[in-house]
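Accompanying notes for the structure given below.
The values are calculated or read from the model by the stated rules, or taken from the named source; none is laboratory data. Note that the structure is a prediction, hence the values are computed from the model and not measured. Heads up, the Cβs are rebuilt from the backbone with ideal geometry, glycines too, and the neighbour counts pull from every protein chain shown. Remember, those area values only see protein heavy atoms, side chains included, never the ligands or the DNA or RNA. Shrake-Rupley method; radii C 1.70, N 1.55, O 1.52, S 1.80 Å.
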Amino acid sequence: MTQLVLGIDVGGTSVKAGLVDVAKGRVSGQLIAAPTPVPATPAALTQVMSALAAQLPDSSGRVGVAFPSVIKGGIAYTAANIDASWIGADGAALAEQALGRPVLFLNDADAAGIAEMRFGSGRDCSGTVIMLTFGTGIGSALFTDGKLFPNTEFGHLEMAGRDAEKWASARVRTLEGLDFPDWVARVNEYLAAMHRLFWPDVFILGGAVSERFAEFAPLLKSPAQLRPAHFAGQSGVVGAALAAADPAA
């Protein structure tokens, strides 16, 4: 019997939701989205989550919510691309109240990494794998022999006197009008700094920009193997649902 689990991915630009077939690791039916509210307060964001969930058919079990914050025990500890009022908030409890369902609340890049390691570009990888998502910021997920080290914040590594995500994210590429050669030059410096610190065997590059990986891949340079994310913009939704279905894995 197919088990469909609701996954929600909160981003700095949009909130996505979909039902995920957790046995096959893929979205079943429609992936829907709504703009991230401004300001992205707890009340405003949980209202968007509830509205999206109401548009989808019923699903089983708890809901997985991928969220752009360090998350421990369901509580948000940072707020890089959302409203600062989230800091210290019990995100899991707030989402449960809005959705009327049990919720697993986790870091968004960790969710993306879970999707890639179980069903995507990292499913055959051993050793050290770093998933990087290039979007509004830069998210990261670190795996060693398939085990997640949660809540890494490698997007805040200092590059060029500022957070790396304020220098090399996909959003910065758009805001500064960078072509792929100029943007990838920054990405290569970032990957080199990450490699000096962690010596990964594989980098998986995700976020919506990964859909254009073939265009800029020839410009990328790293001693580690570079792979495009399999799920692209769906990874957070898929990974959140997978984690909710099997939180101990």
* Asked: Which angle between 0 and 90 degrees, to the nearest 10, do you get for helix 108-119 versus the longest principal axis of the chain when only C-alpha atoms count?
  -> 90
* **Separation of the K72 and Q3 label points, Cα + 7 Å toward Cβ, nm** => 2.9
* To do: Express the accessible area of the chain per residue in Å², computed with a 1.4 Å probe while the remaining protein chains stay in the model.
  => 44
* To do: Report, in whole Å, the centroid distance computed from the Cα atoms of region 113-143 and region 15-64.
  => 21
* **Lys/Arg +1, Asp/Glu -1 at C-beta; the chain dipole; positive extreme among L148, M117, P39** => M117
* Structure fact -> With every protein chain kept in place and a 1.4 Å probe, the residues K147, K72, K16 fall, from largest accessible area down, as K147, K72, K16
* Structure fact -> FRET efficiency for Q55 and K24 from the Cβ-Cβ distance with R0 = 25 Å, rounded to 0.05, comes out at 0.65
* To do: Provide the net charge surrounding L4, with neighbours chosen by a C-beta distance below 15 Å and charges set as Lys +1, Arg +1, Asp -1, Glu -1.
  => +1
* Spin-label model distance (nm) - I87 vs F198, 7 Å beyond Cα toward Cβ -> 2.4
* Apportionment of accessible area to carbon and sulfur, region 173-216, percent (1.4 Å) -> 54
* Whole-number percent relative contact order across region 1-45, with pairs defined as alpha carbons under 8 Å at least 6 apart -> 31
* Structure fact -> Restricted to pairs 8 or more residues apart or on different chains, the lysines in the chain with C-alpha atoms under 23 Å apart form a number of pairs equal to 5
* Rounded to the nearest 20 debye, dipole of region 104-192 from Cβ charges on Lys, Arg, Asp, Glu -> 140
* Asked: Do you know the relative contact order of region 1-109, to the nearest whole percent, from alpha carbon pairs under 8 angstrom that are 6+ apart?
  -> 27
* **Mean Cα-pair separation over length for region 93-249, i.e. relative contact order, pairs under 8 Å, 6 or more apart, %** => 30
* Structure fact -> For region 1-139, the percent of accessible surface on carbon and sulfur atoms (probe 1.4 angstrom, ligands and nucleic acids excluded) is 52
* To do: Alpha carbons only, please: Rg and Dmax for region 43-163, in angstrom.
  => 15.4, 48
* Among T136, S69, G239, whose Cα sits farthest toward the positive end of the charge dipole of the chain (+1 at Cβ of Lys/Arg, -1 at Cβ of Asp/Glu, about the Cα centre)? -> G239
* Report, in deg cm²/dmol and to the nearest 500, the calculated mean residue ellipticity at 222 nm for the chain, where each DSSP H run with n ≥ 4 adds -39500 (n - 2.57) and the sum is divided by the residue count. => -9000 deg cm²/dmol
